[in-house]
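For reference, the structure discussed in these notes is given below.
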Amino acid sequence: MAKTTFNTKGIGTLLKNASQLEQAIKEDQQEVIRELTNHILLLPIEHIEANMDQPRKDFDDKALDELAASIKVHGLIQPITVRRLHEKAYQIISGERRFRASKRAGLTEIPAYVRIANNQEMLEMALIENIQREDLNAIEIAMSYASLMEECKLTHEQISERVGKDRTTITNYTRLLTLSDKIQEAVRERKLSMGHARSLAGIKDNAAFQNSLFAKIISEELSVRAVEELIRKYQEETKGAKPAASKRLPDHLRNIQDQFSAFFGAKVALKRNDKGNGQLIVKFENDGELNRLIELIEEK
C-alpha cells in the first residue's frame, strides 16, 4: 500500500478526509501530530463544541463583550486548540473564552490548532494548557491540579514537570480545596487572595478559628502578613494548652471561645457554669498588647 503523504497545503484536505487521516495516523502518527502542531487551520465555528472537562467555569459577561469588540476590529489573534472528533466536529482543549467571544463577535470561522488525542490525553492537555494560558482563579487552578492527579493519575512531581512549576506550588494550590465552600467561593470571586487562602489552609483541626479569621480578613481588609502574625500568635498560645482543660468546654462553647480568640488575635479563656454564669478572659503579655486590644475595641 502506498504511503499517505501530505504537505503544508494538504493538511487541511487530509483533516477533511477521514480515511486518509486515519491511514496517515497509522503510518506515522508523530508526523501527523508534528504537522498539525506547525499549522493553524480555519474551522467553521458551528463545528466546534465546548469541553465538559474545561476547568474554567466562570466567564465574565463584560469581559467577553470587550473581547468580542476587539475581535470584531482585529480578529482573533491567538488561535484556540481543539481535538478532532470527526470531519465536522471538534472539541475545545483550550480557548473557550476566545471561542465564546468569537461567537459573540459573529465570526463564522475561527483559527485553531488541531490535535489528535484520546480522552485522557485530551483532558491532560486541556488542564495543562488552561493552567498555563488562561487567567484562572486559584480554586480553578487547584481543581485542575486535582483532576490531573485523580483522572490522569499524575503525581505532584509529574505535574510540576509538565506545567513548569515548583512541586511546593502544586501542593499549596491543592491544599486550598480543603477550605470550606464559603472560603473557596471568596477565592473564586477574588475577594480573597491566594496568599490569604494559603494561610487559612494552614490552620488544621480548627474550623471555627479558620472561619472567624476569614470573616476578620474580609471585614478589616487584613494583609497577608497580618493574617500570618495572628495565626502565629494563636498557634503559640494554644501550643502549651492542656488538652484536658479544653475538653471541659462543650463543642459549641469551644467554637465561641475560638471566635473570640480570632477576633482579639490573642488567647481567650471562656468559663461558664451550669447556671449560665461565667467569665471571658482575654490574655495579654505587655502594655503594648493591652493598648492594641483597647484600640481594637474602640474601633468597633
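The values are calculated or read from the model by the stated rules, or taken from the named source; none is laboratory data. Just so it is clear, the structure is predicted and the values come from calculations on it, not from any experiment. All Cβ positions, even for glycine, are placed from backbone atoms using ideal geometry, and neighbour counts span all protein chains on display.
Every residue, every condition in (1) part of a helix (DSSP H, G or I); (2) out of contact with any helix residue (DSSP H, G or I) (no Cβ under 7 Å at 6 or more places or on another chain); (3) among the acidic types (Asp, Glu), yes or no:
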{"residue": "Cys152", "(1), (2), (3)": "no, no, no"}
{"residue": "Gln158", "(1), (2), (3)": "yes, yes, no"}
{"residue": "Gln184", "(1), (2), (3)": "yes, no, no"}
{"residue": "Arg190", "(1), (2), (3)": "no, yes, no"}
{"residue": "Gly195", "(1), (2), (3)": "yes, no, no"}
{"residue": "Arg198", "(1), (2), (3)": "yes, no, no"}
{"residue": "Ile217", "(1), (2), (3)": "yes, no, no"}
{"residue": "Arg232", "(1), (2), (3)": "yes, yes, no"}
{"residue": "Glu237", "(1), (2), (3)": "yes, yes, yes"}
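Filter the range 169-183 down to residues that are hydroxyl-bearing (Ser, Thr, Tyr) and touching a Ser or Thr at 6+ places or on another chain (Cβ under 9 Å) and give me whichever is nearest to Ile217 (Cα to Cα).
Here is the first cut: in the range 169-183, the residues hydroxyl-bearing (Ser, Thr, Tyr) are 169, 171, 173-174, 178, 180.
Narrowing the set further to residues that are touching a Ser or Thr at 6+ places or on another chain (Cβ under 9 Å) leaves 169, 173.
Values: Thr169: 23, Tyr173: 20 Å.
For the range 169-183, the residue satisfying everything is Tyr173.
Identify the residue in the range 38-84 that is surrounded by fewer than 11 Cβ atoms within 10 Å (Cβ to Cβ) and β-branched (Val, Ile, Thr) and, among all such residues, is modelled with the highest pLDDT.
Among those residues, the one meeting the criterion is Val73.
Any chance the range 88-104 includes a residue that's crowded, with 20+ Cβ neighbours inside 10 Å, aliphatic (A, V, I, L, M), at pLDDT 85 or above and within 25 Å of Glu161 (Cα to Cα)?
Yes; the residues of the range 88-104 include at least one that is crowded, with 20+ Cβ neighbours inside 10 Å, aliphatic (A, V, I, L, M), at pLDDT 85 or above and within 25 Å of Glu161 (Cα to Cα).
Filter the range 128-142 down to the residues that are at pLDDT below 75 and within 16 Å of Met52 (Cα to Cα) and list them by number. Walk me through it before giving the result.
Within the range 128-142, the subset at pLDDT below 75 is 129-130, 132-135.
Correct list: Glu129, Asn130.
Considering (1) within 25 Å of Met52 (Cβ to Cβ); (2) at pLDDT 90 or above, say which one Glu189 fails and leave the rest.
(2)
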